[in-house]
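Nothing in this text is a laboratory measurement; each read-out follows from the coordinates by a stated rule. Here the structure is a predicted model, which means the values were calculated and not measured. So basically every Cβ, Gly included, is an ideal-geometry build from the backbone, and we count neighbours across all protein chains shown.
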Amino acid sequence: MRHILIPFFSAAILALPAHADRLPVPAGAPPAFAAECGSCHLPFPPALLTAPDWKRVMASLDKHYGDNASLDEKTRRELEDFLVRHAATDRRKAGAGDPPRLTESAWFRREHREVPQAVWRDARVKSAANCAACHPRAEAGSYSEREIVVPGLGKHK
């Protein structure tokens with residue numbers, strides 16, 4: 001019986017990196033998600049932060065990373081419910097800071113450990129939160145290493 005399970009578990013383990021490459025925004029996102037969150041930055045997939053993190057982000061929209069991103073209460077609640085419902089359950093994706101930053105999560109730091117600090121400061125990147133600067137298909141939820149284009153360096157892998 002064991003020899004039958006080995007190929008199954010091997011295939012499951014090999015599929016893990018491919019799953020990590022896909023972080024789409026879940027179907028059924030409220031229209032305000034793209035309109036409001038996407039007006040200043042890529043609307044981040046909810047699975048990039050935990051539910052408590054999203055609640056903290058949504059509770060302080062008047063001081064949203066240096067900007068006032070206040071919403072009417074109905075829209076704010078609708079977006080928060082969506083984000084919390086689809087949030088990460090992996091503690092490594094818990095953000096750090098106040099408000100929590102996905103770029104300070106253990107997961108993000110591990111995934112980007114090879115990125116030189118100069119890349120984050122590059123005028124074409126500006127910030128580690130600018131996913132689309134290096135992940136040209138980020139808006140479609142694709143973060144594959146094969147698709148990475150680092151400004152000034154070209155294709156990563």
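Using all pairs of distinct alpha-carbon atoms, the Kirkwood hydrodynamic radius of the stretch 30-111 works out to 12.7 angstrom. The alpha carbon centroids of the stretch 39-99 and the stretch 125-147 are separated by 19 Å. Its residue count N fixes a reference of 2.2 N^0.38 Å for the stretch 115-157, and the Cα radius of gyration divided by that reference is 1.05.
Taking amide hydrogens as placed 1.01 Å from N in the peptide plane, the amide H of A88 sits under 5 Å from those of L48, L49, T50, A51, each at least 5 positions away in sequence or on another chain.
Distance between the modelled labels on V149 and R77, one decimal in nanometres: 4.4 nm (7 Å Cα→Cβ projection).
For A96, the residues whose amide H sits under 5 Å from its own are R101, E104, S105, ignoring neighbours fewer than 5 places away on the same chain, with H placed 1.01 Å from N. Each label point was placed 7 Å from the Cα along the Cα-to-Cβ direction; for R109 and E139 their separation is 3.2 nm. A Förster distance of 41 Å, applied to the separation of the beta-carbon atoms of Q117 and S39, puts the FRET efficiency at 0.90.
Please identify the trypsin sites (Lys or Arg not before Pro) of the stretch 40-125 that satisfy two criteria: DSSP loop assignment and at most 11 other Cβ atoms within 10 Å. Which are they? Don't skip to the end; give the middle numbers.
On the way: sites: K55, R56, K63, K74, R76, R77, R85, R91, R92, K93, R101, R109, R110, R113, R121, R124; in loops: R113, R124.
Counting only loop positions with at most 11 other Cβ atoms within 10 Å, the trypsin sites (Lys or Arg not before Pro) in the stretch 40-125 are R113, R124.
Fewest neighbouring Cβ atoms within 10 Å first, the residues T89, T75 line up as T89, T75.
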